[in-house]
Amino acid sequence: MPDNKEQSLSTAKSRGIFLLPNLLTTAGLFSGFFAIVASMNNMFESAAVAIFVAMVFDGLDGRVARMTNTESAFGAEYDSMADIVSFGMAPALVMYNWALSDLGKLGWLAAFIFVAGGALRLARFNTNLGTSDKRYFQGLAIPSAAAIVSGFVWVGSKYEIDPNSVSYIAAVLTIAAGLLMVSNFRYHSFKDVDWRGRVSFIAILAIVLAFVVVATEPSLVLFSIFFLYAISGPITTFRTVKNIKLEHVVGDADDEIDLDATKKQQNDQEKTEKSSDKPSVD
């Protein structure tokens with residue numbers, strides 16, 4: 001009888017939900033929902049800022065869960081569902097309400113491509129979570145894609161750019177961000193950085209200066225940072241792979257390209273060819 005009581009208590013405990021990480025996830029979800037509502041009321045700058053705030057909460061919930069040993073399957077699923085709202089639906093609708101609505105069918109199709117790309121990106125990430133290289137992301141991460149789209153809106157609203165004059169640029173940017181999420185381009189995840197390690201005084205000074213630069217023009221600086229990060233994936237691929245094939249750009253989730261191994265193989269092949277070209281001494 002006591003065994004059954006202890007088992008029932010253990011089952012009830014396992015069914016509980018950890019408060020702190022899921023509270024942060026909810027805060028990120030609220031920020032994404034607020035961005036959608038704000039864009040419907042023509043508050044585009046506030047909408048864009050809300051998406052960046054959601055990125056902060058998204059970065060905190062997973063780290064807090066690992067630090068406090070409160071990781072759970074429920075938290076992982078809840079985080080993915082919150083991400084598709086905050087970084088899929090919200091940026092697409094904010095961009096659509098700001099610049100794409102006057103393009104008609106092209107406008108809402110561009111927004112849909114971004115949403116679909118984000119959903120596929122999250123599904124592929126979740127299914128490859130245990131097998132992928134932790135140092136790299138396969139395809140552009142959905143928060144980074146959201147930062148590009150919302151950052152463009154933030155810059156346009158901040159500097160009072162006429163949305164009609166950049167509507168086609170906005171459509172191309174939105175479609176490109178959506179396609180980059182489902183590509184095979186590799187992006188550095190920065191998960192191999194030792195955040196607990198010691199650094200030099202110069203490194204701390206550089207971090208302080210970086211905060212100062214961001215604070216001067218946050219919209220322009222943040223958009224530029226994430227835009228450069230987005231193009232770093234294709235640049236790395238085309239610089240590393242000698243003969244670009246379709247699977248280096250897009251393919252099935254199980255066909256993740258190991259660019260490091262490809263580069264090493266090419267270097268070994270070049271060394272072999274150089275050694276074979278040397279004249280033999282009889």
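No lab work stands behind these numbers, since they all come straight from the coordinates. Being a predicted model, the structure only gives us computed values, none of them experimental. Every residue, glycine among them, receives a Cβ derived from its backbone with ideal geometry; neighbour counts consider all protein chains shown.
Listing for the model above:
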| read-out | value |
| --- | --- |
| Relative contact order computed over the range 10-139 (Cα-Cα under 8 Å; 6+ residues apart), in percent | 26 |
| Cβ-based net charge around Ala146, under 13 Å, with every Lys or Arg adding one and every Asp or Glu removing one | -1 |
| Cα gyration tensor shape for the range 71-190, rounded if a/c is under 1.5, else prolate or oblate | prolate |
| Between the range 18-81 and the range 110-174, the alpha-carbon center distance in angstrom | 16 |
| Relative packing of peptides 233-239, 198-204 - highest average C-beta neighbours within 10 Å first | 233-239, 198-204 |
| Nitroxide proxy distance, nm - points 7 Å out along Cα→Cβ at Lys105 and Thr127 | 3.0 |
| Across Lys105/Lys158; Lys191/Lys245; Lys158/Lys245; Lys105/Lys191, pairs whose alpha-carbon gap is larger than 32 Å | Lys158/Lys245; Lys105/Lys191 |
| Segment Thr236-Asn69, extension gain: residue separation times 0.36 nm, minus the distance between their alpha carbons | 56.6 nm |
| Inter-label distance for Val193 and Val250, nm, one decimal - labels placed 7 Å from Cα along Cα-to-Cβ | 3.1 |
| Added length on full extension, which subtracts the Cα-Cα distance from 0.36 nm per residue, Asp162 to Lys134 | 5.9 nm |
